[in-house]
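Step one of this worksheet: look at the structure below.
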Amino acid sequence: MSEAAAAPLLKVEHLTMRFGGLLAVNDVSLAARPHEITAIIGPNGAGKTTVFNCLTGFYKPSVGMLTLARDDGRTYLLERMEGFRIAREAGVARTFQNIRLFAGMSVLENLIVAQHTVLMNASLFTVAGLFGLARYRHAERRAVELARYWLDRMGLTAQADAPAGALPYGSQRRLEIARAMCTKPVLLCLDEPAAGLNPRESQELNAILLDIRREAGIGILLIEHDMSVVMGISDHIIVLDHGVLISDGTPAQVRSDEKVIRAYLGAEEDEALPPEVGADKRGTH
């Protein structure tokens, strides 16, 4: 890997987040690289979603520097930016553990709405749109084309005109990812994308995320409890426990880390581990 390719896309330094007397994240430093899938795992209450909320502007960190460096040379200090600017300018897109679609809009409309910033700029803030000027018509056509591209990639083309809220749960999860991709992110942050999926849907999700990493060439940062997803697709895993980073490495390194086995899984004996984690340790008994 070249020096340029090895440079972090996202660098988090000494991130600390306090809520009154509660220390939710304590001096966490981590990095996510471009063209890689980085997973943040840990037990409930470990601070994973708090990290995401700091990265995407929902919280302002108590302490810390969050630097996103795009491959075009632009650098953004996320802790100094409003959330809408983090998405629009820095190129950080996010999904949520609880699905947040526009349920009454069609599937296609959900993806076009995701491109509202581009469309508003093209419309000169409604003037060009009202008069049907060419610049707006072209932007609108491109928005529809991009939306249809991601519908096709997610296997949702046949449901394009259906209300988003009428889709099966797994399809709604895919639609959320498609909507995020319509913003053309450089970093895609996924908060438990496999939550509520059955094993077949989890495998389909794995394939989708690997395709996005390969074809879109972006970095993916995910929080996930499903170890079949984490171990199946991650290049890099970060483990938090009670707001502290306890492990940082490849899936193989994290799988065999005693601190992860004790703190993340809460297991005293390796026999209590799911098959995806601790496999290397079981073989030593």
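Derivation of every value follows stated rules applied to the coordinates shown; laboratory data play no part. Being a predicted model, the structure only gives us computed values, none of them experimental. When we count neighbours, we look across all protein chains shown, and the Cβ atoms used for this are built from the backbone with ideal geometry, even at glycine.
Residue ranges 105-111, 30-36, 185-191 sort as 185-191, 105-111, 30-36 when ordered by packing (mean number of other C-beta atoms within 10 Å per residue, highest first). Counting only other residues whose beta carbon sits under 15 Å from that of ALA164, what net charge do I get with K and R as +1, D and E as -1? Taking every Cβ under 15 Å from that of ALA164, the sum is +1. Among 201-207, 243-249, sorting by the average number of other beta carbon atoms lying within 10 angstrom of each residue, highest first, gives 243-249, 201-207.
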